[in-house]
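Q: My questions all concern the structure below.
A short reminder: the numbers here are calculations on the coordinates, not readings from a lab. Just so it is clear, the model here is predicted, and its values are computed rather than measured. All Cβ positions, glycine included, derive from the backbone under ideal geometry; neighbour counts span all protein chains shown.
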Amino acid sequence: MSDRKLKEKKDRVLESLEQGMTQIHLDARRPGVLVPEKFRAEHHLVLNISYRFDPPDLSVSEWGVRQTLSFGGSRFTIGVPWSALYAVASLATREFWMFPDDLPHELADAATEKAKLPPAEGEEGEPTEKRARAVLREVVLEKRSDDDEGPPEPPTAPRRGHLRVVK
């Protein structure tokens, strides 16, 4: 791994840890990874790390990340070399950094396959461009009496309420 890539991963982890809880995404099958036995075959393992965890033994070094974490009530000291880490997420700021060169082939293949999916049911034979969902219809205005002057007024649409759902 290049020194530049190692420095970038380390800087992203440290930056995220300064903000609070951080998730690291790793391939637990890579050499040097220390995780509980039941997770060693995972190609996408997500671990939460933080300076605030007890015991306070988080270490971010030139090698990678080490910390004692709790797995189902049992403590285990994990070790994640930089070569196994492929994404970092800050839970405090919602920022996410990915390192595509280190992405496991299963995730890269899944993304490629999703892009090649055939059209959904009922879409066969239809052009790939989006179809319009609006329907035009003729509106007939009521006839006004001869006494009224000026053009007829168009019908008014019902007013929308002042409340709206914000997600």
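Q: Starting with the fewest neighbours, write out Trp97, Trp63, Trp82 ranked by other beta-carbon atoms found within 10 Å of each beta-carbon.
A: Lowest count first: Trp63, Trp97, Trp82.
Q: Let me check against my output: what whole-number percent is the relative contact order of region 10-66, with C-alpha pairs under 8 Å and at least 6 apart?
A: About 35 percent, as a whole number.
Q: Given a Förster radius of 22 Å and the C-beta distance between Val165 and Gln23 as r, what FRET efficiency does 1/(1 + (r/R0)^6) yield to the nearest 0.05?
A: 0.15
Q: Determine the gain in length on full extension of the stretch Asp109-Tyr51; use 0.36 nm per residue of separation and subtract their C-alpha separation, reporting nm with one decimal.
A: Result for the pair: 17.4 nm of gain on full extension.
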